Amino acid sequence: MKALYRNPIAIILIILAIGSFIYFEEQLPAIDLSHLTPGNVMAMLGYISVIMLVVEQFIEIFVDDPNQKVKIQCKDRITDINKFLERLNNPIDVAALTDPESTEEKPESAEVAKMMKEKKELEEFLMTRGLKRQRRTTIIAFAIGLILSFSGLRLMAGIVFNGPETELSSIQITIIQSIDIVLTAGIIAGGSGRVHRLMKRIKETMGGGSSINSL
């Protein structure tokens, strides 16, 4: 609640939502979800996860990574450095290598310190490039998801609507379909791994609920 009080935008949105509902109350009847079953939810999430796998494979194959060769070279160099460090017979204290007041002479200490610094820089470079690649692929996946959503592949439509939509007002249908388009595109952009975790949690919840009901 404290976080809500500190966020004036959330409070304004809540007030607007309440005011809109009061104004359009007669045109916003409650949606009947009596037909909704866990099986419908799991089935639709399964279909979406298959679409996500196809989108991920498409991006992996057809979306070029301009830094791929550099990344491979960096990984190979890190592997070489790790092999060199493993071949050292006498372990070297890393703290002593970076201590300017240390007067103890250690064979190969300067070379090892240089290699460890190089390894750290290469790992940071790979991490930075990886994040840039991830942002790029996420944007592309979101764009593909929008195209699929506009084509008719929508998550909420497959879960909520199990019959004619004539019981809903045109305002409700427009709002739900608009949210559904963005929501489906966002889920596709998020990747199949997150949906698999969501399906796993749903299965665990269903299992817990069935065990409770059996008592």
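The values are calculated or read from the model by the stated rules, or taken from the named source; none is laboratory data. What you see is a predicted model, and the numbers here were worked out from it, not measured in a lab. Here the Cβ positions follow ideal geometry from the backbone for every residue, glycine too, while neighbour counts run over all protein chains shown.
Would you point out the residue of segment 171-196, among those that are among the polar types (S, T, N, Q) and more than 19 Å from residue 28 (Cβ to Cβ), that is farthest from the chain's Cα centre (by Cα)?
Filtering segment 171-196 for residues among the polar types (S, T, N, Q) gives 172, 174, 177-178, 184, 192.
Restricting the remaining residues to those that are more than 19 Å from residue 28 (Cβ to Cβ) gives 184, 192.
On the way: 184: 13, 192: 9 Å.
So, considering only residues that are among the polar types (S, T, N, Q) and more than 19 Å from residue 28 (Cβ to Cβ), the one farthest from the chain's Cα centre (by Cα) is 184.
Quick one: in segment 54-66, which of the residues that are free of Cβ contacts under 8 Å to residues at least 40 places away in the same chain and of a type in the set (A, V, I, L, M) is surrounded by the most Cβ atoms within 10 Å (Cβ to Cβ)? Even if it seems obvious, please write down each step before you answer.
Going residue by residue through segment 54-66, those that are free of Cβ contacts under 8 Å to residues at least 40 places away in the same chain are 54, 57, 60-62, 64, 66.
Now restrict to residues that are of a type in the set (A, V, I, L, M): 54, 61.
Details: 54: 14, 61: 8.
Looking at residues that are free of Cβ contacts under 8 Å to residues at least 40 places away in the same chain and of a type in the set (A, V, I, L, M), I get 54.
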*Is one or more of the residues making up segment 40-53 more than 15 Å from residue 188 (Cβ to Cβ), modelled with pLDDT under 80 and exposed (fewer than 12 other Cβ atoms within 10 Å of the Cβ)?*
no
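Return the only residue of 22, 72, 78, 59 being under 26 Å from residue 184 (Cα atoms), at pLDDT 75 or above, β-branched (Val, Ile, Thr) and in a helix (DSSP H, G or I). So that I can check it myself, show each step before the final result.
Details: 22 fails: under 26 Å from residue 184 (Cα atoms); 72 fails: under 26 Å from residue 184 (Cα atoms); 78 fails: under 26 Å from residue 184 (Cα atoms).
Step by step, each of 22, 72, 78, 59 is checked, and only 59 is under 26 Å from residue 184 (Cα atoms), at pLDDT 75 or above, β-branched (Val, Ile, Thr) and in a helix (DSSP H, G or I).
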*Any residue in segment 194-207 that's over 19 Å from residue 56 (Cα atoms) and at pLDDT 75 or above: show its pairings with residues that are part of a helix (DSSP H, G or I) and acidic (Asp, Glu) at Cβ separation under 6 Å, as long as the two are six or more apart or on different chains.*
none
*So which pairs qualify, if the first residue must be in segment 1-27 and loosely packed, with under 10 Cβ neighbours inside 10 Å, the second must be modelled with pLDDT under 75, the Cβ gap must be under 8 Å, and the two must be at least 6 apart or on different chains?*
none
*Name the one entry in 147, 175 that is part of a helix (DSSP H, G or I) and modelled with pLDDT of 85 or more.*
147
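Listed here are the residues, each with its yes/no results for (1) charged (D, E, K, R); (2) in contact with a strand residue (DSSP E or B) (Cβ under 8 Å, 6 or more places away or on another chain); (3) at pLDDT 85 or above.
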position: 97; (1), (2), (3): no, no, no
position: 102; (1), (2), (3): no, no, no
position: 106; (1), (2), (3): yes, no, no
position: 110; (1), (2), (3): no, no, no
position: 115; (1), (2), (3): no, no, no
position: 118; (1), (2), (3): yes, no, yes
position: 123; (1), (2), (3): yes, no, yes
position: 130; (1), (2), (3): no, no, no
position: 134; (1), (2), (3): no, no, no
